[in-house]
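The values are calculated or read from the model by the stated rules, or taken from the named source; none is laboratory data. All values reported here derive from a predicted model rather than from experimental measurement. Positions of Cβ are generated from backbone atoms using ideal geometry, with glycine treated the same way; all protein chains shown enter the neighbour counts.
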Amino acid sequence: MQDAHSKPSRFSLQFLGANATVTGSRHLVTAGNARILVDCGLFQGYKPLRLRNWAEFPVDPASIDAVLLTHAHLDHSGYLPRLVRSGFRGKVWCTEATRSLCGILLPDSGRLLEEEAGHANHSGWSKHHPAEPLYSEADARASLARLRGVGFDHGFEPVPGVHARFRAQGHILGAAAVTLEFEGRRITFSGDLGRPDDPLMPAPASLAASDWVVVESTYGNRAHPADGLEEELLAVLQRVVARKGVVVIPAFAVGRAQMLLHVITQLQASGRLAKVPVYLNSPMAASVTGLYRQFPRLHRLDAAELDAMQRTTHVVESVEQSKALNRHKGPMIIVSASGMATGGRVLHHLVAFAPDPRNAIVLCGFQAGGTRGAALAAGQKHLRIFGQEVQVGAEVVQLAAGSAHADASEILAWLRTAPTPPRGVFVTHGEPDAADALRTRIKHELGWPAHFPEYLEQVELA
């Protein structure tokens, strides 16, 4: 215990990402002489943000003692292989499910980055000669050796003198809030906050007692619709099936792909939707679905529901099968990664099916600014894919009920579960209008100090 008259050790927080954007989550905590990085995500979307992935890391990676991951989505974990390649040698702490998911997501990310660089070199559309990936599949696999799995609500010390604990957040398998305690001072990072009525995931656990809270604000200025996802999705699927079209659904391989397939399976089983072919064209999403059986206590689906989903869905394994799918006629439904159409096999389906007005592109979940998904949601009629212009004649629908993130009122409800009011809240992981709207509501409705930090801003947790 610290002497009552001694000066407390330094405890500070620097925001290295997810400021005025929903990607690149990276928060650097200094506790005494130790450095802990909470989340290690990729920047996605607008080019100036993506260029931060290539820039020199704001602090020497070798000086970081530990990394803690709130969950496995690439905007929270996807920079880890680059950090390790640049000199980080500490342990990476996460929940067991996050560790398993990273074992799938990170090598897949490296492989896609290599394929994209190879395609750019073959087609000559990159300004870089030769184009190189941010990291390779081998880099990603090497980084996995640093991961250490911890159970929910189990205390651990990522560095001596700092106590940490993960609490379940819903959202996706393994997603957690993490609370750090150092010399009697506590800070909690929300990670991505799930919804209380998500079809797949349980409601988030209550907020731990904290002096400071870093909270996400993806939907900080919005309310999710009262009608459920099932009705919203059914309406567009029925329209497209009736005109014998193809439905292409860019879906995040972790969480949203499984949720969509579950809902489609239920709709077909009930007879409300015709039993047209349903394809899952994402090897990563197929592997992730297997983890739902490995972690049955972390989600709402039972074995029978997983079996039904497996029977309904045709999994596309090889590249040749993926290419052949583009020659198929409708009606059919294709669920494919990535969720914001930033890469992956879904891009080839957009090239094949986006021009035809009989077809539909269904967006499920938040579309970060600067992504193809955001361009589609905004009504853009041309997409640039693989160096060519693709006309968008297909119907584009963004599902308002399809998000795995809490909306503004749900975030406030979670904050209200705090045993005592915190000394301050930092609002991150949101576009500027969303983050500032949530900051205002926290200030006026909860009466707590709230701040919308800037990129690279540093605060003392005194």
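Looking for whichever is of a type in the set (A, V, I, L, M, F, W, C), touching a strand residue (DSSP E or B) at 6+ places or on another chain (Cβ under 7 Å), touching a residue at least 12 places away in the same chain (Cβ under 8 Å) and within 29 Å of GLY379 (Cα to Cα) here; the options are LEU267, LEU273, LEU347. Which one fits?
Working: LEU267 fails: touching a strand residue (DSSP E or B) at 6+ places or on another chain (Cβ under 7 Å); LEU273 fails: touching a strand residue (DSSP E or B) at 6+ places or on another chain (Cβ under 7 Å).
Only one candidate passes the filter, namely LEU347.
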_Need the failing condition index for LEU51 against (1) surrounded by 15 or more Cβ atoms within 10 Å (Cβ to Cβ); (2) within 21 Å of ALA368 (Cα to Cα), just the number._
(1)
*May I ask you to list the residues in region 33-48 that are crowded, with 17+ Cβ neighbours inside 10 Å, on the phi < 0 side of the Ramachandran plot and part of a loop (DSSP other than H, G, I, E, B)?*
CYS40, GLY41, LEU42, PHE43, GLN44
*asked:* I need a count of the residues in region 155-167 that are touching a residue at least 12 places away in the same chain (Cβ under 8 Å), in a loop (DSSP other than H, G, I, E, B) and in contact with a strand residue (DSSP E or B) (Cβ under 7 Å, 6 or more places away or on another chain).
replied: 1
_Just the residues that are of a type outside the set (Val, Ile, Thr), touching a strand residue (DSSP E or B) at 6+ places or on another chain (Cβ under 8 Å) and assigned to a loop (DSSP other than H, G, I, E, B), please, taken from region 59-70._
ASP65, LEU69
*If you check GLY393 against the conditions, is it at pLDDT 95 or above and part of a loop (DSSP other than H, G, I, E, B)?*
yes
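Can you tell me which of ALA418, ALA406 is of a type outside the set (Val, Ile, Thr), surrounded by fewer than 20 Cβ atoms within 10 Å (Cβ to Cβ) and more than 17 Å from GLU454 (Cβ to Cβ)? Show your work before the answer.
Working: ALA406 fails: surrounded by fewer than 20 Cβ atoms within 10 Å (Cβ to Cβ).
Answer to the check: ALA418.
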*Residues of region 238-252 satisfying the condition of being touching a Pro at 6+ places or on another chain (Cβ under 9 Å) and among the hydrophobic types (A, V, I, L, M, F, W, C)*: VAL240, VAL241, ALA242, VAL246, VAL247
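If you take the residues of region 201-232 that are surrounded by 23 or more Cβ atoms within 10 Å (Cβ to Cβ) and hydrophobic (A, V, I, L, M, F, W, C), which of them is farthest from ASP39 (Cα to Cα)? So that I can check it myself, show each step before the final result.
Going through region 201-232, the residues surrounded by 23 or more Cβ atoms within 10 Å (Cβ to Cβ) turn out to be 201, 204, 210, 213-220.
Now drop any that are not hydrophobic (A, V, I, L, M, F, W, C), which leaves 201, 213-215.
Details: MET201: 21, VAL213: 15, VAL214: 12, VAL215: 13 Å.
Out of the qualifying residues, it is MET201.
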*Check region 441-461 and report whether any residue there is in a loop (DSSP other than H, G, I, E, B), assigned by TED's automatic domain parsing to the domain that holds ALA208 and under 19 Å from HIS224 (Cβ atoms).*
no
*Every pair of residues 6+ apart whose Cβ atoms lie under 7 Å, when the first sits in region 7-34 and is without any contact (Cβ under 8 Å) to a residue 24 or more places away in the chain while the second is of a type outside the set (A, V, I, L, M, F, W, C)*: THR30/ARG10; THR30/SER12
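Would you please name the residue that is nearest to ASP407 (Cα to Cα), looking only at residues in region 156-205 that are small (Gly, Ala, Ser) and in contact with a His (Cβ under 7 Å, 6 or more places away or on another chain)?
Here the residue is GLY194.
Which of the residues spanning region 235-255 are surrounded by 24 or more Cβ atoms within 10 Å (Cβ to Cβ) and either of a type in the set (S, T, N, Q) or in a strand (DSSP E or B) (or both)?
Of region 235-255, the ones surrounded by 24 or more Cβ atoms within 10 Å (Cβ to Cβ) are 237, 240, 246-255.
VAL246, VAL247, VAL248, ILE249, PRO250 - these are the residues of region 235-255 that are surrounded by 24 or more Cβ atoms within 10 Å (Cβ to Cβ) and either of a type in the set (S, T, N, Q) or in a strand (DSSP E or B) (or both).
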*What number goes with the only condition from (1) farther than 17 Å from ALA251 by Cα; (2) in contact (Cβ under 8 Å) with a residue 60 or more places away in the chain; (3) of a type in the set (Gly, Ala, Ser) that SER287 does not pass?*
(1)
*Mind checking whether some residue in region 129-144 is within 24 Å of the chain's Cα centre (by Cα), modelled with pLDDT of 95 or more, over 18 Å from ARG186 (Cβ atoms) and part of a strand (DSSP E or B)?*
no
*Give the residue, chosen from GLY379, GLY424, GLY402, that is without any contact (Cβ under 8 Å) to a residue 40 or more places away in the chain and of a type outside the set (S, T, N, Q).*
GLY379
